[in-house]
Amino acid sequence: MNTKDHQKNIVEQFTKQASGYSSIRSHSDSLEKLIALSSASRKDDVLDIACGSGIVSCEFAKYTKHVTGIDMTQGMLDEAKKLQSKQNIKNITWQIGDVENLPYDDGSFSIVVSRFGFHHFLNPFNVLSEMKRVCKPGGKVIVVDVSLPDSKIKKYNEMEKNRDCSHVAALSLTEFTGLFEKAGFKNLNTDCYSMRIGLREQLEASFPSDSEALKSMIIADAGVNDLGINVTKTNDGYNLYYPIHIFSVNN
């Protein structure tokens, strides 16, 4: 798929997903871990890449001087503005834009963060390179996303492409490490946590190409874990446990 078609696909998908995305409670998990790892302070100007519904931007704004959130989907930015208003936060600017060609000068931000965006990027190296470019020397670049062992990646991507047709590919731990090295970063730090989402909650917030096939694929993986998300049967359904990794590095 070419870049133009892919971007159109993302906008269509996330315009539909906007309100449902914000309703998934676990999307607000571990924000305190992210803030702590960033060492955020009132001196910092933050850029949130593919900011979506503004969950990360609004959290950083509570601790920093200013946050800029950039995304290509107006529907998601509309949700972000609602969250900003609800939390009565003033120090955020929202912008529509292409994260492969950021409209900012070199060294404009002391913290550049992207959460849950990299699996949607056709050219993740280009995005990471842009994050490095706009980050100040000595600043911090942080990427948060699902990341799995190489052995789980193929099946996981098959599942996610059904669930969300704008999904490109999750990166394995090996691939993420290589990506940061290729971009010229050194001394990469990693942390991780598990994000629990109920199967019903996930399906209600998604627009899969084949919902029954997706549901069957996930249920069949309970106790098997070929998908890498530790599907677990409960009394009232199934829980999915997504392995989320935080990659942080000084610029």
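Do you know which of the residues in the range 156-176 that are free of Cβ contacts under 8 Å to residues at least 40 places away in the same chain and in contact with a strand residue (DSSP E or B) (Cβ under 9 Å, 6 or more places away or on another chain) is most open to solvent (accessible area, probe 1.4 Å)? Among them, the one singled out is GLU175. State yes or no: is SER194 small (Gly, Ala, Ser), under 22 Å from VAL56 (Cα atoms), surrounded by fewer than 20 Cβ atoms within 10 Å (Cβ to Cβ) and within 19 Å of the chain's Cα centre (by Cα)? It is true that SER194 is small (Gly, Ala, Ser), under 22 Å from VAL56 (Cα atoms), surrounded by fewer than 20 Cβ atoms within 10 Å (Cβ to Cβ) and within 19 Å of the chain's Cα centre (by Cα).
Would you confirm whether or not the range 73-94 contains a residue that is among the hydroxyl-bearing types (Ser, Thr, Tyr), free of Cβ contacts under 8 Å to residues at least 24 places away in the same chain and not in a loop (DSSP other than H, G, I, E, B)? Show your work before the answer.
Narrowing the range 73-94 to residues among the hydroxyl-bearing types (Ser, Thr, Tyr): 73, 85, 93.
Then keep just the ones that are free of Cβ contacts under 8 Å to residues at least 24 places away in the same chain; that gives 85.
With not in a loop (DSSP other than H, G, I, E, B) added as a condition, the list becomes 85.
Yes, the range 73-94 contains a residue that is among the hydroxyl-bearing types (Ser, Thr, Tyr), free of Cβ contacts under 8 Å to residues at least 24 places away in the same chain and not in a loop (DSSP other than H, G, I, E, B).
Looking at ILE197, ILE142, which is the one that is modelled with pLDDT under 95, part of a strand (DSSP E or B) and touching a Leu at 6+ places or on another chain (Cβ under 9 Å)? So that I can check it myself, show each step before the final result.
Values: ILE142 fails: modelled with pLDDT under 95.
One residue alone meets the criteria, ILE197.
The set of residues from the range 200-251 being within 22 Å of HIS167 (Cα to Cα), among the aliphatic types (A, V, I, L, M) and in a loop (DSSP other than H, G, I, E, B) comprises ALA205, LEU227, ILE229, VAL231. Scanning the range 204-224 for residues that are open to solvent by 20 Å² or more (accessible area, probe 1.4 Å) and touching a residue at least 40 places away in the same chain (Cβ under 8 Å) yields GLU204, PHE207, PRO208, SER209, ASP210, ALA213, MET217. The test for being touching an Asp or Glu at 6+ places or on another chain (Cβ under 9 Å), closer than 23 Å to GLU32 by Cβ and charged (D, E, K, R) does not hold for ARG200. Only one of the numbered conditions (1) touching a Cys at 6+ places or on another chain (Cβ under 9 Å); (2) without any contact (Cβ under 8 Å) to a residue 40 or more places away in the chain; (3) more than 22 Å from ALA36 (Cβ to Cβ); (4) open to solvent by less than 20 Å² (accessible area, probe 1.4 Å) is violated by GLY97, and that is (1).
The values are calculated or read from the model by the stated rules, or taken from the named source; none is laboratory data. This structure is a prediction, so every number in the text was calculated from the model and none was measured. Positions of Cβ are backbone-derived with ideal geometry, glycine not excepted, and every protein chain shown enters the neighbour counts. Accessible surface is based on the protein model in full, side chains and every heavy atom, while ligands, DNA and RNA are left aside. Shrake-Rupley method; radii C 1.70, N 1.55, O 1.52, S 1.80 Å.
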